[in-house]
Amino acid sequence: MKSVAENLREIRASLPDGVQLVAVSKYRPTEQLRQAYDAGQRLFAENRPLELDAKARELPHDIQWHFIGHLQTNKLRFVLPHTALVHSVDSTHLLDAIEKWAITHDKDVNVLLEVHIGREQAKQGFSESETLELARSIDNSRTGSAWQWPHIKFCGLMAMASHTDEAELIDNDFSRIEKLWATIKTDCPRLTEFKELSIGMSGDYPIALRHSATMVRIGSAIFDID
Ligand SMILES: *Cc1c(COP(=O)(O)O)cnc(C)c1O
């Protein structure tokens, strides 16, 4: 039987330098998060606003929280005060609401744009062409004084591969997002904060690492212990 600490040690050993391990702790009891914390993990991600709010209040304050779930504009107050990075920005409507929150609270908010790359019908995320168009438009706006969403830092992209066991399909999904990410980095030089590529979960992170992942989001491989 393996422990959370052993799982973390093995996963960390398999990650190249510079790749951040985001421990996806959604639905897990705080006791398990404490085991990860005691094993040195400080970066956790949740996907439900109220659960994030409750855990962030209860657990040590040197934890860095990320948000990876669908975010409704009426739930920002549960998420943004605790969150170092929102991976799952999937609409301009949400960007408008985050900007409004940021102005009110006099803060900058770090986000990734969620891109829909999998074969499943899109539930969440911008299409690849929408993402490129949006990034170019934000970059363009920064040539002048009328910046689009000036309180939002566009730190990179997040995506999930198709839900499949076929490594080739996953490889194809990740290579498309990798290219898109590289294109935006060259085409949008004013997005100086645009550096992160959040791809890879428990089942497919070794493939993501071959496609320039800078963050992997891993839940079950850390927390499922039988
Ligand atoms: C749950 C979740 C993960 C982690 O999935 P595992 O397969 O448990 O590693 C990663 N990213 C997102 C967006 C998730 O919702």
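The values are calculated or read from the model by the stated rules, or taken from the named source; none is laboratory data. For clarity, every value in this text was computed on a predicted model and none was experimentally measured. Quick reminder, even Gly has a Cβ in these numbers, built from the backbone with ideal geometry, and neighbours come from all protein chains shown. Just so you know, the surface numbers come from the protein's heavy atoms only, side chains and all, with ligands and any DNA or RNA stripped out. Shrake-Rupley method; radii C 1.70, N 1.55, O 1.52, S 1.80 Å.
Here are some notes:
- If you go through region 113-127 and keep only what is among the charged types (D, E, K, R) and over 15 Å from Leu180 (Cβ atoms), you end up with Arg119, Glu120, Lys123.
- Taking the conditions (1) touching a residue at least 24 places away in the same chain (Cβ under 8 Å); (2) over 18 Å from the mean Cα position of the chain (by Cα) in turn, Lys100 satisfies each one other than (1).
- Scanning region 212-226 for residues that are more than 12 Å from the ligand (Cβ to nearest atom) and free of Cβ contacts under 8 Å to residues at least 60 places away in the same chain returns a single hit, Ser212.
- For Gly200, the criteria (1) on the phi > 0 side of the Ramachandran plot; (2) open to solvent by 10 Å² or more (accessible area, probe 1.4 Å) hold in every case but one, which is (2).
- Filter result (part of a helix (DSSP H, G or I), over 22 Å from Val111 (Cα atoms) and within 16 Å of the ligand (Cβ to nearest atom)) within region 164-211: Ala167, Ile170, Pro206, Ile207
- Residue list for region 11-31, filter: open to solvent by 90 Å² or more (accessible area, probe 1.4 Å) and either within 14 Å of the ligand (Cβ to nearest atom) or touching a His at 6+ places or on another chain (Cβ under 6 Å) (or both): Tyr27
- Hits in region 78-93 - residues which are touching a Pro at 6+ places or on another chain (Cβ under 7 Å) and open to solvent by less than 10 Å² (accessible area, probe 1.4 Å): Val79
- Looking only at residues of region 138-163 that are assigned to a strand (DSSP E or B) and of a type in the set (A, V, I, L, M), we find that the one that is surrounded by the fewest Cβ atoms within 10 Å (Cβ to Cβ) is Ile152.
- Test: Val115 is more than 16 Å from the ligand (Cβ to nearest atom), of a type outside the set (S, T, N, Q), in contact with a helix residue (DSSP H, G or I) (Cβ under 7 Å, 6 or more places away or on another chain) and under 21 Å from Lys26 (Cβ atoms): no
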